[in-house]
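The values are calculated or read from the model by the stated rules, or taken from the named source; none is laboratory data. Note that the structure is a prediction, hence the values are computed from the model and not measured. Every residue, glycine among them, receives a Cβ derived from its backbone with ideal geometry; neighbour counts consider all protein chains shown.
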Amino acid sequence: MLRISIAFLLVFMTSCNRANQPKPSGFLALDYEEARYNKITLDCPFTFEKNVRSTLERDNPDKPCWINLDYPRMNAKIYLTYTPVEDNLRALLIDAQKLPEKHTIKADHIEVSVYENLEKQTFGNFYEVEGDAASQAQFYLTDSTSHFLTGSIYFEVQPNYDSILPAASYIKADMRHLVESLEWR
């Protein structure tokens, strides 16, 4: 009788369980503080506004207008490279337009936006890269006569688009603000 009671109890306990249901995937929610910008004036032939949460770095003493904007919380940087135009505008444009093409192997899509500000005499392209590419956004700007500036976002991690998307979106917005606030001197 004891064996029958134990068997009945076991059957009763296991038969009343609900079937396991798959749980929905969780998503990491990364919230970044609202961007605030300060105007940066350097000993370079341009000024711009940068996010106060980024740190300005100069790594190359031979090229003082090659500037990095470091985002330590996001493990990312915007690399800015300035080159004076000296009868080399065509070559600079070709090089700047080739840079996004290098990411087509890993990119799912590259969208190009033409930037033109007649008041500030600033012209260029802004590239947004989707996918597991090394750089999520790039730009070049010029006044077509004297100045040429390029910028690229790079994360110091293995590119995984889904993982870096919130940070990439935040920094892309900063990069767009930099482009729109840039003034030649």
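Miscellaneous remarks
- Single residue of the range 53-80 satisfying the filter (part of a strand (DSSP E or B) and touching a Ser or Thr at 6+ places or on another chain (Cβ under 6 Å)) that is farthest from Asp31 (Cα to Cα): Tyr79
- Residue selection: Pro100 satisfies the criterion of being part of a helix (DSSP H, G or I) and at pLDDT below 95.
- Between Phe126, Phe139, Phe148, the distinction of being under 18 Å from Leu80 (Cα atoms), touching a Gly at 6+ places or on another chain (Cβ under 8 Å), in contact (Cβ under 8 Å) with a residue 24 or more places away in the chain and part of a strand (DSSP E or B) belongs to Phe139 only.
- Ala137 vs. criteria hydrophobic (A, V, I, L, M, F, W, C) and either within 28 Å of Thr55 (Cβ to Cβ) or under 11 Å from the mean Cα position of the chain (by Cα) (or both): yes
- Within the range 156-176, not a single residue is in contact with a Phe, Trp or Tyr (Cβ under 6 Å, 6 or more places away or on another chain) and under 19 Å from Thr83 (Cβ atoms).
- As a summary of the residue check, Ala19 satisfies the conditions (1) at pLDDT 95 or above; (2) surrounded by fewer than 10 Cβ atoms within 10 Å (Cβ to Cβ) except for the one numbered (1).
- Residues in the range 33-84 that are of a type in the set (A, V, I, L, M, F, W, C) and exposed (fewer than 15 other Cβ atoms within 10 Å of the Cβ): Val52, Leu56.
- All told, Phe139 falls short of being touching a Ser or Thr at 6+ places or on another chain (Cβ under 6 Å) and either under 14 Å from Leu182 (Cβ atoms) or among the acidic types (Asp, Glu) (or both).
- Within the range 151-163, considering residues that are touching a residue at least 60 places away in the same chain (Cβ under 8 Å) and closer than 25 Å to Gly124 by Cβ, the one nearest to the chain's Cα centre (by Cα): Ile153
- Of residues in the range 115-131 being under 13 Å from Ala173 (Cα atoms) and aromatic (Phe, Trp, Tyr), the one surrounded by the most Cβ atoms within 10 Å (Cβ to Cβ): Tyr127
- Unique match (being among the charged types (D, E, K, R), closer than 16 Å to Trp184 by Cα and at pLDDT 95 or above) among Lys39, Lys77: Lys39
- Per the listing Ala173, Ala91, Ala167, Ala134, the residue uniquely touching a residue at least 60 places away in the same chain (Cβ under 8 Å), farther than 22 Å from Thr47 by Cβ and either in contact with a helix residue (DSSP H, G or I) (Cβ under 8 Å, 6 or more places away or on another chain) or surrounded by fewer than 21 Cβ atoms within 10 Å (Cβ to Cβ) (or both) is Ala167.
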